[in-house]
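Have a look at the structure below before the remarks.
The values are calculated or read from the model by the stated rules, or taken from the named source; none is laboratory data. This structure is a prediction, so every number in the text was calculated from the model and none was measured. All Cβ positions, glycine included, derive from the backbone under ideal geometry; neighbour counts span all protein chains shown. Keep in mind that these areas ignore ligands, DNA and RNA; they rest on the heavy atoms of the full protein, side chains included. Shrake-Rupley method; radii C 1.70, N 1.55, O 1.52, S 1.80 Å.
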Amino acid sequence: MKKTLMALEQIGKRYNQPDQANGSILEDINLQIREGELVSVLGPSGSGKSTLLRIMAGLVAPSQGSVLYDGKRIAGTNPGVGMVFQSFALFPWLTVLENVKLGLENRPMREEEKLRKALSVIDMIGLDGFEGAYPKELSGGMRQRVGIGRALVMEPDVLLMDEPFSALDVLTAENLKRDLLELWTERKIPTKSIILVTHSIEEAVYLSDRAIVLSRDPARVISDIPIRLPHWRDKQDPLFTSLVDRLYAILTKREAKTPEAAEEQKKKIEKVPAVPAGALTGFIELIDDLGHQVDLYKLADQLSLDLEDFLPIVETAQTLGFAAIQHGDIALTDIGRRFADASVLDRKEIFRAQVQQHVPMMERIIWILHSKSNNKMERAFFEEIFEKHFGAEEASRQLDILIDWGRYAELFTYNEQTRVLFLES
Ligand code: ADP
Ligand code: MG
């Protein structure tokens, strides 16, 4: 067994903010990161991946549990890690060299030593010749190389990367992934372990030795899957695609609920994914065209969507009873097939029935509109109700979606100017 570098023990996190629901973000996260591993972390958007990474780095304190580095509990920043952010986080007024050297700012090291190390890292990450350039003169890919350089110059045991490729175009990202993998697999960097947050399943299977999957609301580790294919991996290889398939299945699976839990759930106000009715309709049509049933990852590929955009659509189709997932395939239910075949008006009717049945918040809205003698209610009223559950920002987003669905289903109308919802007689 390889040495454990870092361990998370029963990590929990909740943010207690005045305008936010007191929801628990992370719960009971136990993880061991061992020497020699490249571990990827997958999970729905907003599940808490970045929070988890920040807790590992000691940038955010957990509400519960502890982070051990080299067997010792950390307090404050973790000395063994370097972090790469999605947004590059470079200082625009500093050159490439100065930005990289910044990683060594707090090290007790002579200036020449810092310079030597920074130059060697710049060389390694392929930025030779750009030492004096400013971030604005660089392409996105090169900026991210600087971000990676700044983390690597610290020679951290553990390199934490938070969606480092997702702000880059596909080709640039591919190129950077290969370069990083080369540094890693050929031991050109002293890094002992890499933890990569990603929302691309394919990226996880291509790069990592282990994929950890988080649930949402709250995030728990729901899967920890070893990936033992040798590098360089062939994305067409059946073993590769079956792993991709399996991860899709895990990420889209809904927990089987006991009848009591299902009852409990009904009473609870649950967030709906931010998917407009039009997008959902197109999605269902596409599955129908593909023969009612299709491999999830092929579908994501066909739509060129990464998880961030793809999962919410899948989730909506499931929530509303239009589709079901089994073994990594998505298949239309009978209702979904009827919906796909129906006329525009019939579709609205089917949608209306499904939304009313499966979305308690919608039911609340309709009920309130019906109870008012003038059948009108201001948007702000609903926002205030939902704010208690989700916080102000999310409540407003939720209402946007519910209004979109309600209008499509002709459950009610909405006036943008007066911000009033009303039933039409
Ligand atoms: P992910 O990286 O998986 O998309 P995050 O870790 O960024 O998710 O966020 C998880 C949840 O925690 C989100 O609901 C987000 O709104 C909330 N959150 C993140 N940072 C803060 C903060 N500083 N204060 C309050 N809530 C936060
Ligand atoms: Mg994030």
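Please enumerate the residues belonging to the stretch 216-230 that are in contact (Cβ under 8 Å) with a residue 40 or more places away in the chain and either open to solvent by less than 20 Å² (accessible area, probe 1.4 Å) or more than 17 Å from the chain's Cα centre (by Cα) (or both).
Scanning the stretch 216-230 gives a single hit, ALA219.
Within the stretch 146-198, which residues are out of contact with any helix residue (DSSP H, G or I) (no Cβ under 6 Å at 6 or more places or on another chain) and among the hydroxyl-bearing types (Ser, Thr, Tyr)?
SER166, THR185, THR191, SER193 - these are the residues of the stretch 146-198 that are out of contact with any helix residue (DSSP H, G or I) (no Cβ under 6 Å at 6 or more places or on another chain) and among the hydroxyl-bearing types (Ser, Thr, Tyr).
When the stretch 142-172 is examined, which residues are found to be of a type in the set (A, V, I, L, M) and under 20 Å from VAL96 (Cβ atoms)?
If the condition is that a residue be of a type in the set (A, V, I, L, M) and under 20 Å from VAL96 (Cβ atoms), then MET142, VAL146, ILE148, ALA151, LEU152, VAL153, MET154, LEU159, MET161, ALA167, LEU168 are the ones that fit.
Residue-by-condition table, conditions (1) of a type in the set (D, E, K, R); (2) in a loop (DSSP other than H, G, I, E, B); (3) touching a strand residue (DSSP E or B) at 6+ places or on another chain (Cβ under 8 Å); (4) surrounded by fewer than 20 Cβ atoms within 10 Å (Cβ to Cβ):
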{"site": "LYS114", "(1), (2), (3), (4)": "yes, no, no, yes"}
{"site": "ILE122", "(1), (2), (3), (4)": "no, no, no, no"}
{"site": "LYS136", "(1), (2), (3), (4)": "yes, no, no, yes"}
{"site": "LYS188", "(1), (2), (3), (4)": "yes, yes, no, yes"}
{"site": "ILE194", "(1), (2), (3), (4)": "no, no, yes, no"}
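Just a yes or no: is a residue in the stretch 60-82 within 16 Å of ligand 2 (Cβ to nearest atom) and either open to solvent by 40 Å² or more (accessible area, probe 1.4 Å) or in a strand (DSSP E or B) (or both)?
No, the stretch 60-82 contains no residue that is within 16 Å of ligand 2 (Cβ to nearest atom) and either open to solvent by 40 Å² or more (accessible area, probe 1.4 Å) or in a strand (DSSP E or B) (or both).
Quick check, is ALA167 within 16 Å of ligand 1 (Cβ to nearest atom), buried (at least 24 other Cβ atoms within 10 Å of the Cβ) and not in a helix (DSSP H, G or I)? Before the answer, list the steps.
Details: within 16 Å of ligand 1 (Cβ to nearest atom): yes; buried (at least 24 other Cβ atoms within 10 Å of the Cβ): no; not in a helix (DSSP H, G or I): yes.
Considered against the rule, which asks whether it is within 16 Å of ligand 1 (Cβ to nearest atom), buried (at least 24 other Cβ atoms within 10 Å of the Cβ) and not in a helix (DSSP H, G or I), ALA167 comes out as no.
Could you give me the residue pairs with C-beta distances under 6 Å whose first residue belongs to the stretch 29-50 and is in the same structural domain as ILE225 (by TED's automatic domain parsing), whose second residue is open to solvent by 50 Å² or more (accessible area, probe 1.4 Å) and modelled with pLDDT under 95 wherever it lies, and which are 6+ apart or on separate chains?
ARG34/LYS2; GLU35/LYS2; GLU35/LYS3; GLY36/LYS2; PRO44/ARG216; SER45/GLU308; SER47/ARG216
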